[in-house]
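First up is the structure itself, then whatever we jot down about it.
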Amino acid sequence: MALRFEILGRFNRARAANLTLPHHVCQTPLFMPVGTQGTIKGLATNQLEDIGCQIILGNTYHLALRPTSELIDELGGLHKFMNWPRALLTDSGGFQMVILRYLMHFVVSLLHLADITEKGVTFQSPVDGKPMLLTPEESIQIQNRIGADIIMALDDVVKTTITGPRIEEAMYRTLRWIDRCIAAHKRPKEQNLFGIVQGGLDPVLRDICVRGLVDRNLPGYAIGGLAGGEDKDSFWRVVAQCTAALPEDKPRYVMGVGYPLDIVVCSALGADMYDCVYPTRTARFGTALIPEGVLKLKNKAMADDTRPIDPTCDCMVCKNYSRAYIHCLVTVDAMGSQLVSYHNLYYMMKLSRDLHSSIIEGKFPEFVCEFLQTMFPKGDVPEWVCNAMEVAGIDISSCSHHVVVTR
């Protein structure tokens with residue numbers, strides 16, 4: 001394998017580590033912004049370096065269509081092609097089988113255009129409408145050409161709210177496909193193949209999948225199939241179950257998770273890596289991430305507000321521009337969404353750094369309480385968060401005066 005995972009500090013289940021990849025030494029817990037076609041919309045790669053981005057996620061399927069994996073390979077791989085010196089992760093190039101509120105790790109296509117069989121996934125090309133077959137072997141071959149530090153196995157995904165035999169079928173197919181992915185992987189000394197735990201909300205199926213993947217001794221493991229409409233109580237319980245069963249000495253990646261609160265909870269439960277389009281997608285609608293939650297910059301109240309987005313933030317945007325100025329931009333100019341995207345990703349990178357340092361310094365419970373106190377000043381911390389923190393062994397009684405149910 002082409003990675004080293006060194007745990008530097010712990011608090012109960014939470015851990016801070018150095019993840020050494022071929023192109024970068026990353027500090028976990030970490031958030032990865034999604035750059036579907038080798039770019040984060042509106043931001044240059046040097047800006048991403050400036051804000052502390054460690055890994056960018058690229059979409060295998062879109063890159064394979066345009067500019068093609070063959071061309072990327074010819075031009076020296078995706079790192080060179082997009083001028084990004086740090087780490088990259090590519091998803092499996094699968095398909096989005098359910099319509100989600102936010103994209104998870106699957107490529108965009110419509111369910112009724114996709115046909116899933118043991119051989120792979122057949123779907124219509126969005127470019128010319130022709131049928132295309134994506135097999136586990138082809139997915140890995142494409143990712144080998146693209147050259148990311150971490151590549152994902154092709155899995156069979158169903159919406160977490162579905163019950164019945166389809167969940168079991170998808171889980172066992174995911175295990176069969178991981179063997180085909182391993183056999184097809186030609187660059188194991190340069191690229192790390194992660195398996196993806198499936199099984200819906202069924203603890204028995206999740207356990208079978210975890211044990212099956214761990215038996216393959218992969219460089220890292222992802223928890224997939226979440227952030228798809230399931231209630232938060234089910235969400236955290238799946239994360240808690242999987243992190244408890246996955247190896248201590250390997251990175252754990254919860255796919256499709258991008259809400260700051262979710263990341264803090266999952267980190268307390270022992271997860272290490274996250275990705276989501278949320279911070280940049282919500283920025284394009286004029287919504288900024290702040291410690292209290294979100295700030296809707298399109299609101300009329302922002303029109304004459306001379307404060308920065310977040311007075312406690314040290315990013316370039318908060319140092320130079322007022323809410324009023326950005327309010328003026330977000331409704332009429334692309335520059336507005338670029339500035340909010342920059343701020344939002346800075347916020348996510350700082351959150352990652354704060355999680356890492358608080359665990360190493362033995363101050364993780366204090367960090368969690370301060371985070372929750374700022375987000376829920378009335379003490380109305382959601383019940384699911386309280387339940388998760390109890391399992392994580394973190395006392396949040398000082399910042400949670402009463403509980404509300406949010407399902």
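Remarks
- Taking the criterion of being β-branched (Val, Ile, Thr) and in contact (Cβ under 8 Å) with a residue 24 or more places away in the chain, the residues of the range 119-156 that qualify are Val121, Val127, Thr135, Ile140, Ile142, Ile146, Ile150, Ile151.
- Test: residue in the range 176-194 that is surrounded by 20 or more Cβ atoms within 10 Å (Cβ to Cβ), under 16 Å from Ala271 (Cα atoms) and in contact (Cβ under 8 Å) with a residue 12 or more places away in the chain: yes
- Residues in the range 19-30 that are touching a helix residue (DSSP H, G or I) at 6+ places or on another chain (Cβ under 6 Å) and buried (at least 24 other Cβ atoms within 10 Å of the Cβ): Pro29, Leu30.
- Checking the range 180-195 against the condition returns no match, with no residue being farther than 26 Å from Leu78 by Cα, in contact with a Leu (Cβ under 8 Å, 6 or more places away or on another chain) and among the hydrophobic types (A, V, I, L, M, F, W, C).
- Pick from the range 57-92, criterion over 27 Å from Leu19 (Cα atoms) and of a type in the set (Asp, Glu), ranking: least open to solvent (accessible area, probe 1.4 Å): Glu70
- Of the strands (runs of 3 or more DSSP E) lying entirely inside the range 199-279, not one is found with 2 or more residues being among the aliphatic types (A, V, I, L, M) and touching a residue at least 60 places away in the same chain (Cβ under 8 Å).
For every residue, the table says whether it meets (1) farther than 16 Å from Pro260 by Cα; (2) open to solvent by 70 Å² or more (accessible area, probe 1.4 Å); (3) in contact with a Gly (Cβ under 6 Å, 6 or more places away or on another chain); (4) assigned to a helix (DSSP H, G or I).
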residue: Leu329; (1), (2), (3), (4): yes, no, yes, yes
residue: Lys350; (1), (2), (3), (4): no, yes, no, yes
residue: Lys378; (1), (2), (3), (4): yes, yes, no, no
residue: Glu390; (1), (2), (3), (4): yes, yes, no, yes
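- Checking each residue in the range 280-294 for being within 18 Å of Ala334 (Cα to Cα), open to solvent by 20 Å² or more (accessible area, probe 1.4 Å) and without any contact (Cβ under 8 Å) to a residue 60 or more places away in the chain picks out only Phe285.
- Of all the numbered requirements in (1) open to solvent by less than 10 Å² (accessible area, probe 1.4 Å); (2) modelled with pLDDT of 95 or more; (3) of a type outside the set (A, V, I, L, M, F, W, C), Thr160 misses one, and that requirement is (2).
- Qualifying residue in the range 245-258 (condition: closer than 21 Å to Glu390 by Cβ and out of contact with any Gly (no Cβ under 9 Å at 6 or more places or on another chain)): yes
The values are calculated or read from the model by the stated rules, or taken from the named source; none is laboratory data. Not measured: the values here are computed from a predicted model. Neighbour counts are summed over all protein chains in view; Cβ atoms, including those assigned to glycine, are modelled from backbone coordinates with ideal geometry. Heavy atoms of the whole protein, side chains included, go into the accessibility calculation; ligands, DNA and RNA do not. Shrake-Rupley method; radii C 1.70, N 1.55, O 1.52, S 1.80 Å.
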